[in-house]
Every structure is written in C-alpha cells, then in structure tokens.
1. GLU54 versus (1) open to solvent by 30 Å² or more (accessible area, probe 1.4 Å); (2) of a type in the set (Asp, Glu); (3) part of a helix (DSSP H, G or I): which is the lone unmet condition?
2. Out of all the residues in region 210-261, which are of a type in the set (Ser, Thr, Tyr), buried (at least 24 other Cβ atoms within 10 Å of the Cβ) and either without any contact (Cβ under 8 Å) to a residue 60 or more places away in the chain or within 19 Å of LEU175 (Cβ to Cβ) (or both)?
3. Could you give me the residue pairs with C-beta distances under 6 Å whose first residue belongs to region 170-194 and is open to solvent by 40 Å² or more (accessible area, probe 1.4 Å), whose second residue is in a helix (DSSP H, G or I) and among the small types (Gly, Ala, Ser) wherever it lies, and which are 6+ apart or on separate chains?
4. Among the residues of region 40-47, are any over 30 Å from LEU133 (Cα atoms), assigned to a helix (DSSP H, G or I) and either in contact with a Lys or Arg (Cβ under 7 Å, 6 or more places away or on another chain) or free of Cβ contacts under 8 Å to residues at least 60 places away in the same chain (or both)?
5. Go through VAL89, VAL93, VAL128 for me and flag whichever is β-branched (Val, Ile, Thr), free of Cβ contacts under 8 Å to residues at least 60 places away in the same chain, open to solvent by less than 40 Å² (accessible area, probe 1.4 Å) and within 27 Å of ILE23 (Cα to Cα).
6. I'd like the residue in region 5-17 that is open to solvent by 50 Å² or more (accessible area, probe 1.4 Å) and of a type in the set (Val, Ile, Thr) and, out of all such residues, is nearest to the chain's Cα centre (by Cα).
7. Please find, among VAL77, VAL37, VAL68, the residue that is touching a residue at least 40 places away in the same chain (Cβ under 8 Å), open to solvent by less than 20 Å² (accessible area, probe 1.4 Å) and closer than 25 Å to SER132 by Cα.
8. Examine region 226-244 for a residue that is within 16 Å of the chain's Cα centre (by Cα) and closer than 21 Å to ASP302 by Cα, and state whether such a residue exists.
Amino acid sequence: LKEVPKIICSAIAAGILTVDAPIAARRIVVHYIKATVKQAVEKIDRVRHIAGTELKNLLTHPVHSAAVETLLASVEVPADEIAALRRIVDSKVVDWASPQETFPLFVGQLIHTSVFGPSVMEGVPISVGGLSLHVLRSAQEALFAAFADNKESLTKLLVEVAAKYAHSERAVVPLCSTIERLVSHKLFADAYLGDVADMLAVEARHFATDINRLLSFIPLIATLCQSPAPEARRAAWHQALVLIASRYPKVRSRMATELYTAILMVHSGADASQLDLPSAMTILSTTQWDNTDVTIVKGARDGLYAPLGLKAEEAGAAQGALAMSAEDALRSNRTIRMGTYKSLVHEAGY
C-alpha cells in the first residue's frame, strides 16, 4: 500500500502514465484505489490507518492529484464517484485507524457506488464478523445504515461477494455472521434468502470435516429456519436436518437446540396449519443428539421430515456429504489428521 502511490506519481511525472497510455496501465490506478478502499474497512486498525493515509496522499498530492482524477475519468469512473473519493480525503478525519471515524465515512460515501461499492462490501463483513467489539460495532452500524437506505441493491451485492469468496476459509465465517445479523434485523431482502440457503448447502458440503466452520453456519441456518419466505425456510430446514446428523456430536447438539428454538418461533408466529410442529419439537427435545449410537441419531432425524412437511429424498445429496454413518467415520479416520490427541478431539467433535 505504501509504495504504489509513489510509483504512480513517478509514472505520471515521467509522462509514462497519461490518458494516452494503454487502458490496462491506466486501470492500475483504479485497481489500487479499490484495494485500498477494501483495506480501509477491514478489521485491523493499523491496516486501516495505512490505507486511509496512502489514499489521501495519492488523491491530495500537491502536483499529481489532478492527473490522478483525470486518469480515473479516462477509464470511465463516474464523476460522482470521484467526487465521493474527494469528500473522503478532504474530510477532517484525525485518525484513519479509528473505526468510529472511518467506517461511517467509507461505507456511507462509497458502498452505493458502482466502481468502489464492491470493494467496500468485500471488506466490511470481515469487520462485522470479527471479534474486536470496538471495530464490530462501528462497522455494523455503518453497514446497517447503508442497508436501511437501499436494501435490495446492497443485498444483491452482498450475495455476489459471498459467491466470489465461496470456500474462502477467511471470508466464509464473517460473511455468514454478517448475513445472519442483517436477516435478524430485517435488513436483508427476502428475495435473496433462497440464494443464501443454497450458499450454505454448498459451503457445508465443502467444509464437511471442519467442525468450527460447521458450527459457525448454525446461527444463520437457524435464522433462515424462521424465515417468512417459505422456500428459503424449507431449504434451511433441510440443511438443519443434514447437520443434525453430522458426524460431530457438538454440531448435532447445537443444531438441534437452535432448530427447536426456530420451530418454536414459527409455531407461534406463522401459519403452520399443514405441519405437525409439536411432534417435531417433541423429537428434538427428547432425543440425545450427541449420542454415539448412529442408529438412534439417524432414526430421530428421519422422524423429523414428515412433521416438517419435508421429503427425505430431497436432501439426499447433502446428506451424502455430511450425514454421520459408520462408513463416514471409517473414511474420516483414514483421511483426517491423525496421530495426536488434538486430532482425536477434533474428530470426535468435542
């Protein structure tokens, strides 16, 4: 981040980087600013400080700032988006590392833009889904305010970002956490809940042997299980019944508890006349889901399909990847890291 502005300004001064240069060369400026904007809304204070400082150095350079803006315009960056960047660097921000100052500024000015909005959306969920409360609160407040203004288009953008980072070990957990919070606060457009359910099914298959990530999917699955959108709710119920028969006892137990709560909410707040939700709740509350007996767990799980109005065969593909079975356990013993106590604990799911 620190060296690129110097290189850009040197190229401008040498007459190498001009509006007559190849478009690929001119786009370097855009790519750099997009990367800097993404880093300016990430979770690490020092990274945000460097990103904000270097962006300001480039766009307020005493000699070359006008040339930089001309280059941006030459690669079809809209004038209003260049003006938004100018408002950020001209602001009276004292500390670019401060989440209270930077998140409202970058998210508020850029998340709705066509060129730089995707970069903001790629960075903010990492902060919203992080563990640092001082960062999380500011990032969440800024993101919620933006979604309140334009829920439909920002939901679409977030789903596109989630698809871009499919199977990303770093991004999948904060993305799920961010989406869960937006759905819970009714800021996520219902039209895209089915896409989220599909994403969860794909990610759960990919991370079938990663207990920590499976556990991180459960809050979002449980929230979708209460969804007002019938198709998304059914898809989430299917996914819940897959995880409820996972090879990991902790995953099974956690999913059963969350599913019980979700069904309770549906039972009290939605039209469930075609379902037998009391029977489903009885099975969930009377079964020991962390039982090591495969037959008991799978039998109880199979007993949930009819009360929830689901067909077991519809979940066959997902079950094949995640459901606990003796064959799964044997194969897992051969392929997952073995030979240490830590590996044994990981495999057992405790």
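1. Failed condition: (1).
2. If the condition is that a residue be of a type in the set (Ser, Thr, Tyr), buried (at least 24 other Cβ atoms within 10 Å of the Cβ) and either without any contact (Cβ under 8 Å) to a residue 60 or more places away in the chain or within 19 Å of LEU175 (Cβ to Cβ) (or both), then SER227 is the only one that fits.
3. VAL173/SER216
4. No, every residue in region 40-47 fails to be over 30 Å from LEU133 (Cα atoms), assigned to a helix (DSSP H, G or I) and either in contact with a Lys or Arg (Cβ under 7 Å, 6 or more places away or on another chain) or free of Cβ contacts under 8 Å to residues at least 60 places away in the same chain (or both).
5. Residue meeting the stated conditions: VAL89.
6. ILE7
7. VAL37
8. Checked region 226-244: no residue is within 16 Å of the chain's Cα centre (by Cα) and closer than 21 Å to ASP302 by Cα.
The values are calculated or read from the model by the stated rules, or taken from the named source; none is laboratory data. As the structure is a computational prediction, the values presented were derived from the model and not from experiment. Methodologically, a virtual Cβ is constructed for each residue, glycine included, from the backbone with ideal geometry; neighbour enumeration extends over all protein chains shown. Areas reflect the complete protein model, heavy atoms only, side chains present, ligands, DNA and RNA absent. Shrake-Rupley method; radii C 1.70, N 1.55, O 1.52, S 1.80 Å.
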